[in-house]
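Bear in mind that the values in this text are calculations on the coordinates, not laboratory data. Bear in mind the structure is a predicted one, so any value in this text is a computation, not a measurement.
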Amino acid sequence: MARIGLIVAMLGIVSYFDIFNNKDIPDKIYRFFAGLGIVLLLYDNPWGWIPVIGSIGVSVIVGMGLFVIGAWGGADAKVMLAVALLQPIWTSPFPYEKMAIHPITAITMMSNAAVIAGLVFLPVVILRKSTDIKIAFLPFLSLGYVFTVLKGDILLWIRKYIFSVL
């Protein structure tokens, strides 16, 4: 639960800076939380080193890859790294099992955020008839993580609860 609390705190802080500080987020925030993640991994690693290193590697490659191609900013990539270090493998804090396609926390958070952002901004794009809209994506990463904690992977949730009715 401490890892979840740290991630929620970090996402709240960076979301605040992303929205109210003209997208200028101090690097010391990422360094602090990434450092805490490293300390937590060295102190308590319940998953084993091979899955942890694989999860961090995949998260960094995806996060930096999206930054390099211009799909999102450097802050988003740094959040992916910090989340991957704080909680590389998703384990549910609740007694009932959560749905997830894979156990990589940062990737599940990112895919949930993309779906939520798409659902929020699709009507805006349709009404304005323009795709030239700049959005602060870090608040959606925060919502994506909260959805991950509460429900798991949003794509599986949609498939199970919406398409099973149709």
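How much length is gained on full extension from residue 42 to residue 16, taking 0.36 nm per residue of separation minus their Cα-Cα distance?
Separation in residues times 0.36 nm, less the Cα-Cα distance, equals 6.4 nm.
Please report the relative contact order for the chain, taking Cα pairs under 8 Å with a sequence separation of at least 6, and give it as a percent rounded to a whole number.
Relative contact order for the chain comes out at 26 percent.
So which residue, out of 71, 82, 113, gets the largest mean-square fluctuation from a GNM of the chain using Cα contacts under 10 Å as springs?
Sorting by GNM fluctuation, first place goes to 71.
Sequence-distant or interchain residues sharing an amide H contact under 5 Å with residue 104, placed H: which?
Amide H neighbours of residue 104, under 5 Å, 5+ apart: 90.
Debye sum, Cα scatterers, the stretch 2-161, no solvent: what log₁₀ I/I(0) at q = 0.10, 0.16 1/Å?
Each listed q corresponds, in turn, to -0.35, -0.91.
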